[in-house]
Amino acid sequence: MRKFASLVVVVILSSLLMMTFLSLSTADYELSEHYINYGVEETKALNLVTAILFDYRAFDTLGEATVVFAVASTIAFLVPKRTASMISARFSIIMQQTTSLVIPFLFIIGAYIIAYGHISPGGGFAGGVILAVITILITVTFGIRYSDRQVRSRIKSFMESFGAMGFVLLGLLGMALGGNFLANANSHFNLGVPGDLISSGIIPHLNVMTGLKVAAGLSIMFNSLIKEE
Amino acid sequence: MDTPVLLIALPLLTAFSLGIIKIFSKKMVKVVTVISATVHLALIMSVVREAMQRPIVYHLGDWDNLLGISLVIDSFSAMMALLIGVLAYAVIIYSLVYVDFHELKYYVLSFLLIAGVMGMSLTGDLFNLYVFFEIVSITSYALVAIKEEKASFEGAFKYLVMGMLSGAFVLLAIILTYQVTGALNFAQVAANFGDAPMLVRQTIFVFFLIGFGTKFCLVPLHAWLPDVYCGAPASFNALSSGLVIKASLYAFIRIVYLLFGMTTGISQVMIYWGVLTFLVAHILAYQQESLKRLLGYSSIAQIGYIMLAIGLGTESGIIAGSYHLFNDGLMKATLFLGVGIFSYTVGASKIDDLKGLGFSMPKVSFAVVIATLAIIGLPPFNGFISKWLILQAAWETEYIVAAFFVPIGSLLSLGYYLKVIKALYSRAEGELEVKPIDWKLRVPTYVLSAACLVMGIIPNLSLALITNIPKFLLDSSNYINLLLGR
Amino acid sequence: METTFLAIAVLFGLGLYIILTHQNLIKIAMGIGVMESAIILLFIIFSYRPGGTAPILDADAQAYDLIVDPIPQALSLTAIVIGAATTALMLALIIKIYNRYNTLYIDEIKKLKG
């Protein structure tokens, strides 16, 4: 009975959705046209998605970072802290050596993706996830105790708070320099030449902050979820 | 000049910094919390005062009107901001004593919640609204689970599943809106939305209704609320009932008026659904034994009244509805804080547990009774005035059936709230040992309940803020011009 | 286009159906995941322009004929992050519930609750 009723609801909703899709109209997308035509000129970031995320709609990104922050701090209190153990396979020395070998490269890739977020595909979120993979790899191969000893959870939460605070403070810096909150070009930052590593004002700085925040947040989440009582 | 954005940025910054502050000094956490909350309240006051003279538009990142995100503070947003300021401050002071579990996380999450609700009420951008909506949802789930009891986890999980469903529908509606209008800014969306095909517009309306309706407890979608309220700390209940639900309703009202306008069809849907909501909620509330469940159902019922009033689509209807929204925030916060004191001191959670408390805690009980009478809609309290305005507005627009049910609803609520009052002032079997209550618990409750009385006797205080609301809701071109800076 | 739209509608319905009918908490989480992927797919479809290039330009040669819409891409990134964060929170809650009741099935939890 329950299944039948759910089926009816689902079929009605899906067909409504389908009919809507089929009768969709398109508008003239002035906004995206503007971003495409003038985005590079106004923000000096070649990657338009980054330009939108960290300049035009940077406030959204602040909210997004806040969501990760909230979830990371929630999960950290939900799971027990005292008895940290986890079910894991014992890996052979080959696995452990390879992991140690891979980690420096992961770090370089992560840092690169964060730093070049405004020039090439990537940015704070993608790079942050790659950095978080480092701690996740350590946890999976060497166990949670070792991982927690290597990167203390206090340091991780400090990094997370620091990244999030940095984002807001950079926004307030725009105000201090005479613009509005999170203003970039309009508060007289030197935007530089598009394509250079040091260009487009606060965008790379915001990227670094987000990267720190996401990396720390994700590793807190993973290490907390994997703990067993 | 830059104050509007500080209303959101200050709680965010406080929440982010508390973790670092704790590393240096544990005592500083509470100090910083109080200082930040006080500064926040002062900022809100100054912004509201400014917005009452002239609506404020703030362009984030200094982009012009259409490119970036703007904050818009018209009278409706200003009223929400004032409500948030007062309730948030009261609850933060209250929490200083009440919260003895995961203190640091509690303050962090509360500040994020306040920032999120504030963002929802101030933003002038559709997707930004979604982001803040999700911040509010996630911090709410966390605050429900924070007591780490059995009931709180189940409540939180139920809330989370419903919340994610509602988030999915809202997101779907927003992306469909983007596709047919090519914009995310409220002004431009509203201007282009008329060109969309009828079917698409209807679908978008349905999705917004399901999405936000789940959050503000439209009747068939309300099932999560009583379970959630049972397991949550009372201070969160006050925030949730006073702010979270109201912010979702605010967002829905804003979107409906901007995008669709109050057409006859939508108007009738909202009016009759509102009536249905408060009738069902009142009847369900009548059967409750648990205090928090009862208050939860009562919250749902008040949402019904507000929907009815706003759905009328007339000037008097909007004034009545927004006034009731403001009043209900105050009344519900008082009730939940009062009930929180009862459960904190003597562990009372059922109506029967209240027996004799009227004599052992006379002042707190009196404050609760004032809020109870106000919420039933008895004079001379604020609830009476707003319900009377709703009745009048419905009568004027000749929705006689709806108008008829407003006093019926009050009568029903009289039934179950009388049980509460009766329990409070009946003699208990044994002598109750009551330890003295900290002033930080009492004062916020007194202040809020006094506000219920003052608003009832001098309604002009808040009506001055509300009279301009219809101007920006009824005629969406006013809002559009404001946002576009014309 | 039509096929993709059909896929999105079916995926969305499927996710909702799983949430409505299944008793297992993990499966409910999976259902929500399916629904969210359907929405992300919709974002991608809306940003797609046939023959368009990715919205990452060159410093010297800015002359691309057609560039896909960057806005839905930016929005979908936000939506993905929010969805992932909420899913993580949900899994944490499921772990807590499992620790208390030793079961993942809703009806058994209800029975234990009495």
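Taking the range B:46-56, which residues are surrounded by fewer than 18 Cβ atoms within 10 Å (Cβ to Cβ) and either in contact with a helix residue (DSSP H, G or I) (Cβ under 7 Å, 6 or more places away or on another chain) or within 14 Å of chain A (Cβ to nearest Cβ) (or both)? Those that are surrounded by fewer than 18 Cβ atoms within 10 Å (Cβ to Cβ) and either in contact with a helix residue (DSSP H, G or I) (Cβ under 7 Å, 6 or more places away or on another chain) or within 14 Å of chain A (Cβ to nearest Cβ) (or both): B:SER46, B:MET52.
Residues of the range C:69-97 that are free of Cβ contacts under 8 Å to residues at least 40 places away in the same chain and more than 9 Å from chain A (Cβ to nearest Cβ): C:SER76 alone. Taking the range C:20-68 as the range and being within 7 Å of another protein chain (Cβ to nearest Cβ) and open to solvent by less than 40 Å² (accessible area, probe 1.4 Å) as the test, the residues that pass are C:THR21, C:ILE28, C:ILE32, C:MET35, C:ILE39, C:LEU42, C:PHE43, C:PHE46, C:PRO55, C:LEU57, C:ILE67.
With the structure loaded, tell me whether B:ILE146 is open to solvent by 20 Å² or more (accessible area, probe 1.4 Å) and within 10 Å of another protein chain (Cβ to nearest Cβ) or whether it fails that test.
no
Which residue out of B:SER316, B:SER349 is out of contact with any Pro (no Cβ under 9 Å at 6 or more places or on another chain) and small (Gly, Ala, Ser)? Among B:SER316, B:SER349, only B:SER349 is out of contact with any Pro (no Cβ under 9 Å at 6 or more places or on another chain) and small (Gly, Ala, Ser).
Set side by side, the residues A:GLY192, A:GLY217, A:GLY123, A:GLY127 differ, and just one is within 14 Å of chain C (Cβ to nearest Cβ), out of contact with any helix residue (DSSP H, G or I) (no Cβ under 9 Å at 6 or more places or on another chain) and closer than 30 Å to B:LEU6 by Cα, which is A:GLY192. Here the condition is being surrounded by fewer than 16 Cβ atoms within 10 Å (Cβ to Cβ) and farther than 20 Å from B:LYS363 by Cα; of B:GLY377, B:GLY415, B:GLY409, it holds for B:GLY415 alone.
For the range B:314-354, the tally of residues that are touching a residue at least 60 places away in the same chain (Cβ under 8 Å), of a type in the set (Gly, Ala, Ser) and open to solvent by 10 Å² or more (accessible area, probe 1.4 Å) stands at 2.
Tell me yes or no: at least one residue of the range B:87-98 is without any contact (Cβ under 8 Å) to a residue 60 or more places away in the chain and at the interface with another protein chain (Cβ under 9 Å from one of its Cβ atoms). For the range B:87-98, residues without any contact (Cβ under 8 Å) to a residue 60 or more places away in the chain and at the interface with another protein chain (Cβ under 9 Å from one of its Cβ atoms): absent.
Only a single item in (1) assigned to a helix (DSSP H, G or I); (2) touching a residue at least 60 places away in the same chain (Cβ under 8 Å); (3) open to solvent by less than 10 Å² (accessible area, probe 1.4 Å) is not met by A:ALA76, and it is number (3).
Counting only residues that are facing chain B (nearest Cβ under 7 Å) and either aromatic (Phe, Trp, Tyr) or farther than 13 Å from B:GLY182 by Cβ (or both), the range A:26-39 holds 1 of them.
Taking the conditions exactly as written (of a type in the set (Phe, Trp, Tyr), touching a Gly at 6+ places or on another chain (Cβ under 8 Å) and either in contact (Cβ under 8 Å) with a residue 60 or more places away in the chain or closer than 24 Å to B:LYS150 by Cα (or both)), does B:PHE278 satisfy them or not?
It is true that B:PHE278 is of a type in the set (Phe, Trp, Tyr), touching a Gly at 6+ places or on another chain (Cβ under 8 Å) and either in contact (Cβ under 8 Å) with a residue 60 or more places away in the chain or closer than 24 Å to B:LYS150 by Cα (or both).
Look through B:ASP62, B:ASP2 and report the one residue that is open to solvent by less than 50 Å² (accessible area, probe 1.4 Å) and farther than 21 Å from B:LYS105 by Cβ.
One residue alone meets the criteria, B:ASP2.
Scanning the range A:17-45 for residues that are buried (at least 24 other Cβ atoms within 10 Å of the Cβ) and in contact (Cβ under 8 Å) with a residue 24 or more places away in the chain gives A:THR43, A:LYS44, A:ALA45. Does A:SER6 satisfy being within 7 Å of chain C (Cβ to nearest Cβ), among the small types (Gly, Ala, Ser) and part of a helix (DSSP H, G or I)? The answer is yes for A:SER6. For the range B:161-217, filtered to residues that are open to solvent by 10 Å² or more (accessible area, probe 1.4 Å) and assigned to a loop (DSSP other than H, G, I, E, B), the residue that is farthest from the other protein chains (Cβ to nearest Cβ) is B:GLY194. Scan the range A:95-109 and tell me whether some residue there is under 21 Å from C:ALA54 (Cβ atoms) and either part of a helix (DSSP H, G or I) or not hydroxyl-bearing (Ser, Thr, Tyr) (or both). Yes, the range A:95-109 has at least one match.
Step by step: first the residues of the range B:114-130, then only those that are hydrophobic (A, V, I, L, M, F, W, C) and at the interface with chain A (Cβ under 9 Å from one of its Cβ atoms), then the one that is farthest from the chain's Cα centre (by Cα). Which residue is that? My answer is B:PHE127.
Checking the conditions here, which among B:ALA371, B:ALA394 is surrounded by 18 or more Cβ atoms within 10 Å (Cβ to Cβ) and within 21 Å of B:SER316 (Cα to Cα)? Lay out the reasoning, then the answer.
Values: B:ALA371 fails: within 21 Å of B:SER316 (Cα to Cα).
Being surrounded by 18 or more Cβ atoms within 10 Å (Cβ to Cβ) and within 21 Å of B:SER316 (Cα to Cα) holds for just one of B:ALA371, B:ALA394, which is B:ALA394.
Taken over the range B:91-123, the criterion of being touching a helix residue (DSSP H, G or I) at 6+ places or on another chain (Cβ under 6 Å), closer than 24 Å to B:ILE23 by Cα and among the hydroxyl-bearing types (Ser, Thr, Tyr) is satisfied by B:SER95, B:TYR98, B:TYR107. Total residues in the range A:40-65 satisfying the condition of being more than 7 Å from chain B (Cβ to nearest Cβ) and either under 30 Å from A:ALA216 (Cβ atoms) or hydrophobic (A, V, I, L, M, F, W, C) (or both): the figure is 16. Of the helices (runs of 4 or more DSSP H) entirely within the range B:394-486, those holding at least 3 residues that are under 30 Å from B:ARG49 (Cα atoms) occupy B:439-457, B:460-466, B:469-474, B:476-484.
Among the residues of the range B:25-45, the ones that are under 25 Å from the mean Cα position of the chain (by Cα) and either farther than 19 Å from B:PRO444 by Cβ or crowded, with 19+ Cβ neighbours inside 10 Å (or both) come to 6 in all.
The values are calculated or read from the model by the stated rules, or taken from the named source; none is laboratory data. Fair warning: this is a prediction, and the values are worked out from it, not measured in the lab. When we count neighbours, we look across all protein chains shown, and the Cβ atoms used for this are built from the backbone with ideal geometry, even at glycine. Accessible surface areas use protein heavy atoms only, side chains included; no ligands, DNA or RNA. Shrake-Rupley method; radii C 1.70, N 1.55, O 1.52, S 1.80 Å.
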